[in-house]
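A short worksheet on the structure shown next.
Readers should treat all values here as calculations from the given coordinates under stated rules, not as data from a laboratory. Since the model is a prediction, treat every value here as computed from it, not as a measurement. Positions of Cβ are backbone-derived with ideal geometry, glycine not excepted, and every protein chain shown enters the neighbour counts.
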Amino acid sequence: MKVSDNAGPTAAPAPEPAAAATPATPERETPAGNTPAVTPFRADRFERPARPPLGDPNATPPQRAPDATAAMSLTQRTAYDALTPDLRTRYDGLLKDTRPAEATNVRALLDQPNGVRRYFDVEDALRGSNQAEALGNLPSLLKQGTLLKPSTADNRNLLDALGPLVQGGVTKPLGQSWGVDRHALLGQIVNDVADPVKNVIQSAGNKDCAGIAAGYMLATTQPGTYAQKNIALAEMGFLIEGHLSPDGNHLSVPKPVQDPAIAGESLTQQLLGAAFSQYASGMPGHDHDGVTGAGMANTLNGGFYRAGQFNSFDRMYVPDAQQEADPQVRAQARDAAAQVLREQGARGEETFANVNGHWVMAKPVDGDMVQMVDLSGQRHTVPMSQFLDELNSLVFDKGGSQPPAWTQNDAWGKPGIGTGYKPGTSGGQN
């Protein structure tokens, strides 16, 4: 039956009367070599729709470029739009392949006064001085939030504190024959903060372990303050802390600062590490005979730590058999020290500890063990009992611990002057 293209759609078809069939149009013969005629039905694309050729089913479809302005606040978008084209391109690169929390920290640059420009000024200074390690660490500090976290007494951050070093050149401390390359110090501080265990270290052959321990704690918890103190010592050669306190510190660099390749010590060890150790040792004479628990606590309380807070640290001792004959007293001191270490650990604090004549940073870990950062690039984990055998003194936040007053007998204090942790049972330097 022939289907009419113009047939009406509504009425049901009636039975066909028996009528003579309409004569069919006679088919024409196709001349040889000619293409057969195509009927309307064979050309009907509704019957056989055209499709593009199938591609590789495993191929990754093209992705849209990430929108750098996504999730920006109004003020952030305003700051972003005000960037020069080159800065905008570099800023967009920081957002590439970031996780959500990291992207939040990168966007925080836009909340800082001229933050994007200042960030890339630091980056350009590191690149121009060929400091590849620091150049890699800088964006990590930004993305993890360390670079912009307020960490100074005046609520500034590490990026703020690094600003004076971007200018480059060499410092000229008053009355000194030495100076410090600012870009080299910039890279050292960035590396110290990025990995304090690896980079805030004491070289062999000196008595700076107490100052390195104090620097490690600042780099870990108050990186802006760590930068400020090192920069002040590099620029002036001295640093006055705690102006409003009669017990304030007056730190000074004890010897000329040299190129680390010549000195065998990092710039920050020669600056803050040496200055702190010199001042804290031999209290009150400062003759660098090693730092006792009293010297460590007093110097930390002199405005060094916690961005200007005073008198927040205290000390305690575990006497050895030569210092205290009564084994019960020695056992009670050990128990008190273990309790202090656990109380400080519960607050998330690492504790200053003098073990076998060397200052380390200690904290309790699972299984009644103690982990120590030995300030020579190593971590050591030992049983609590061994740690207490080797311990002479702890210096801790007194807001979290109050050991018995008799454990604070400074006559029991031994100076920490060693380099690196060495297992033993001396309980401090003999």
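Take the cross-link list Lys198/Lys414; Lys198/Lys363; Lys198/Lys398; Lys143/Lys363; Lys229/Lys363 and give me the ones stretching past 21 Å between alpha-carbons. In this structure, Lys198/Lys414; Lys198/Lys398; Lys143/Lys363; Lys229/Lys363 exceed 21 Å between Cα atoms. Size of segment 175-301: Rg and Dmax of its alpha carbons, in Å, are 13.5, 39.
Mean sequence separation of contacting Cα pairs (under 8 Å, at least six apart), scaled by the length of segment 169-308, corresponds to a relative contact order of 26 percent. In whole angstrom, segment 82-198 maps to an equivalent ellipsoid with semi-axes of 25, 16, 15, each derived as √(5λ) from the alpha carbon gyration tensor and ordered largest first.
Ranked by the mean number of other Cβ atoms within 10 Å of their residues, highest first, the peptides 362-368, 409-415, 89-95 fall in the order 409-415, 89-95, 362-368.
How far is the Cα center of segment 332-379 from the Cα center of segment 174-242, in Å? Value for the Cα centre distance between the two parts: 23 Å. Dipole check for segment 313-412: with +1 at the C-beta of Lys and Arg, -1 at the C-beta of Asp and Glu, and the Cα centre as origin, the magnitude is about 160 Debye. Fully extending the segment from Val365 to Thr89, taken as 0.36 nm per residue of separation minus the present Cα-Cα distance, adds 94.9 nm.
Would segment 142-207 count as rounded, prolate or oblate if I go by the C-alpha gyration tensor, calling it rounded below 1.5 in a/c and otherwise prolate when a/b exceeds b/c, oblate otherwise? It is oblate, given that a/c is not under 1.5 and a/b is not larger than b/c. Once the Cα-Cα distance is subtracted from the 0.36 nm per residue extended length, the Asp289 to Ala204 segment shows a gain of 29.0 nm.
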